Amino acid sequence: MDLKKIHYSSTNNKLKNLLKEEKITLPPKFFWRLLEFLAKMCTYEEEEIKIKPCLFLGYNLKLALRGVPNSCYFHITNGVRNGSDLEKKLKALVPFCNNGWTVFININGDCIEYGIIRAFTGPRGLTLSEVIFEIDDTQLPEIEYGLIEASTISKYEISIRGLRKNSLIIDFRFFNDGYKSCNYEYLADDMTSGIDHPLQKQFLYDTFIKFMPMASRRVHGTILLIVKDQYEKESNLKDGIWLEDSINIFSPALGAEDDARSGQIFYGISGLFVDMMNVDGITVIDNKGRILGFHIFLNKEIKTDRMINGGARRRAALNMLNLFNPDHLGVYFLSQDGDSFYERKYNNE
């Protein structure tokens, strides 16, 4: 029996067209090796640590940084034009993506330059991508550089977009299973819903709508329970570490942009928050930014008519959603595979 090999040729052709529209010319062998890397992005890992790569590819990339404040551009190494060492170079650099860096490939004649790039714009400042890609259409004919960004959306999809407004989403599923990406708008809104001062609430919302997706790159699976500020420890969640003194992550965030000391404290406490979410079990935070506990476990399975599928962490998250408590606002779930959701418990508006 003859076996027929099937390829996603449409992805190849559409990516070629996107690069052409973005005025980026790649050597043919380099292009094929780039495709091999893109095919691995959704499930990329090194030393059993999952990584969500973010990649800039283009030419004259230093020119793209002229309007980016507090940016760092580190040219690390050079590669060969045919891309035969592309996998080796990216293997060494991609792990930095989990700490907020973006890997770049700069086409400079016959030389391929590899490095890392980042902008330090404060907890709620515009990201590197937001600054670089915010170009008015009237400016496009005058720019002397070209750039595309490839980033992971989910464990199934990667996004590719260019300066000249071309974009492409590559989906590696054989069918659409209804998967939806995490609603970080709801998550940030519920996390800050206990803040009364409108300007402070907006500042913290802007901060955490950026922080939580970035934190997900460093968290390898978690359940985060958002509760109201009057929440009291309940019998179903007794097992675990409940803090004698809560840790407030909002206070240093409010001063992080204007005060270096507050910025350092926020950096330290936000890192602690990420480490807590990396510990097995449930992390609990209230809507005034107080971390109440971590490594907490649900004592019993909640009876429900809802079908619960998946691994132990997913089942625990869905059981949390089925646990009635009017002081619960919502549950954030992230699997080791990168699947995530945030679901409000009572459709809070």
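All of the numbers you see were taken from the coordinates with simple rules; none came from a lab. Keep in mind that what you see is a predicted model, and the values were worked out from it rather than measured. All Cβ positions, even for glycine, are placed from backbone atoms using ideal geometry, and neighbour counts span all protein chains on display.
Which values of log₁₀ I(q)/I(0), to two decimal places, follow from the Debye formula for segment 184-344 at q = 0.17, 0.20 Å⁻¹ with a uniform point scatterer at every Cα?
-1.00, -1.39
If you take the beta carbon distance between GLU130 and GLN202 as r and set R0 to 22 Å, what does 1/(1 + (r/R0)^6) give as a FRET efficiency, to the nearest 0.05?
0.80
So, R0 is 45 Å and r is the distance between the beta-carbons of LYS14 and GLU234; what FRET efficiency does that work out to, to 0.05?
0.30
Considering the chain as a Gaussian network with a 10 Å cut-off on Cα pairs, which listed residue, GLU244, GLU45, GLU22, attains the greatest mean-square fluctuation?
Highest fluctuation of the listed residues: GLU244.
Evaluate the chain: find the radius of gyration of its Cα atoms, find its Kirkwood radius, and give the ratio Rg to Rh.
1.00
When you count, for each residue, the other Cβ atoms within 10 Å and take the mean per peptide, how do 132-145, 329-342 rank with the highest first?
329-342, 132-145
What full-extension length gain, to one decimal in nm, is calculated for SER84 and GLN264 as 0.36 nm per residue of separation minus the Cα-Cα distance?
60.6 nm
If you wrap segment 240-292's Cα atoms in a convex hull and average its projection over all directions, what's the area in nm²?
With the hull built on Cα positions only, its mean projection is 3.7 nm².
To check you understand DSSP bridge types, tell me what percent of the beta bridges within segment 9-171 (both residues inside) are antiparallel, rounded to 5.
90
Please give the contour-minus-distance gain from HIS295 to ASN183: 0.36 nm per residue of separation, less the Cα-Cα distance, rounded to one decimal in nm.
Stretched out fully, the HIS295 to ASN183 stretch lengthens by 37.9 nm.
Hull surface divided by four, with the convex hull built on the Cα atoms of segment 19-91: how many nm²?
Directional mean of the projected Cα hull area for segment 19-91 stands at 6.3 nm².
Using Cα atoms only, what is the angle between the long axis of helix 260-278 and the major principal axis of the chain, expressed in degrees (0 to 90) to the nearest 10?
80
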